[in-house]
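Participant: First the structure, which I've put down as structure tokens, then a few questions once you've had a look.
The values are calculated or read from the model by the stated rules, or taken from the named source; none is laboratory data. Keep in mind that this is a model prediction, so the values were computed, not measured. Neighbour counts are summed over all protein chains in view; Cβ atoms, including those assigned to glycine, are modelled from backbone coordinates with ideal geometry. Protein only, heavy atoms only, side chains kept; ligands, DNA and RNA dropped before computing areas. Shrake-Rupley method; radii C 1.70, N 1.55, O 1.52, S 1.80 Å.
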Amino acid sequence: MRKLLSGGLVIFGVASVPVPMSPRTVPVPMRQEYRSDPRLNTLRHFFTQGDCPAAEYAADFLMVADEYALDWRLLPSLSFVESTGGKASPHNNLFGWDSGRAHFPSPSAAIQSVGSYLATSSLYRSKSLDEILALYNPRREYARKVKSVMQRIATVQ
């Protein structure tokens, strides 16, 4: 808005209108520090024992599990069963997502995307572990494999 006053003084003004916050403008809370979390060393050790590239993303697995209230061993176990912890993960697809056809820009993006989907999709949301695994891969032995890896992770020293 511009207004001319006597004497030739020009004043410029800016109108401000409150804009509703979109999800992208909502401040993200600080993420928990994982360096002192014993689960971090457990996951790193588990993946390192198998010489798995996923060891580098142990903190990402924990952050996503905590963000979406998933069992912290689920995503690492799925990645171990599907890609041996990232050893066979074309297009950063650690999880064999979409029958291995999904492409992700990074392993961290894959962890975030799959974790989000398992927690928020109507297909998986509010399901028990057995129900989630049956939907993820209906082969009977699949759930047994994933739960066996989850148990191995839990007992890593």
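Participant: From the list R125, R152, R144, which residue is open to solvent by 30 Å² or more (accessible area, probe 1.4 Å) and within 17 Å of the chain's Cα centre (by Cα)?
Facilitator: It is R125.
Participant: Residues in the stretch 68-88: is at least one on the phi > 0 side of the Ramachandran plot and surrounded by 20 or more Cβ atoms within 10 Å (Cβ to Cβ)?
Facilitator: Taking every residue of the stretch 68-88 in turn, at least one turns out to be on the phi > 0 side of the Ramachandran plot and surrounded by 20 or more Cβ atoms within 10 Å (Cβ to Cβ).
Participant: Of the conditions (1) under 19 Å from the mean Cα position of the chain (by Cα); (2) modelled with pLDDT under 95; (3) assigned to a loop (DSSP other than H, G, I, E, B); (4) not basic (K, R), V19 satisfies every one except a single condition; which number is it?
Facilitator: All conditions pass for V19, except number (1).
Participant: From the list Y57, Y117, pick out the single residue that is modelled with pLDDT of 95 or more, buried (at least 17 other Cβ atoms within 10 Å of the Cβ) and within 13 Å of the chain's Cα centre (by Cα).
Facilitator: From the options Y57, Y117, the qualifying one is Y57.
Participant: Is it true that some residue in the stretch 77-84 is among the hydroxyl-bearing types (S, T, Y), under 21 Å from R144 (Cβ atoms), part of a loop (DSSP other than H, G, I, E, B) and at pLDDT 95 or above?
Facilitator: Within the stretch 77-84 (the criterion being among the hydroxyl-bearing types (S, T, Y), under 21 Å from R144 (Cβ atoms), part of a loop (DSSP other than H, G, I, E, B) and at pLDDT 95 or above), the answer is yes, since at least one residue qualifies.
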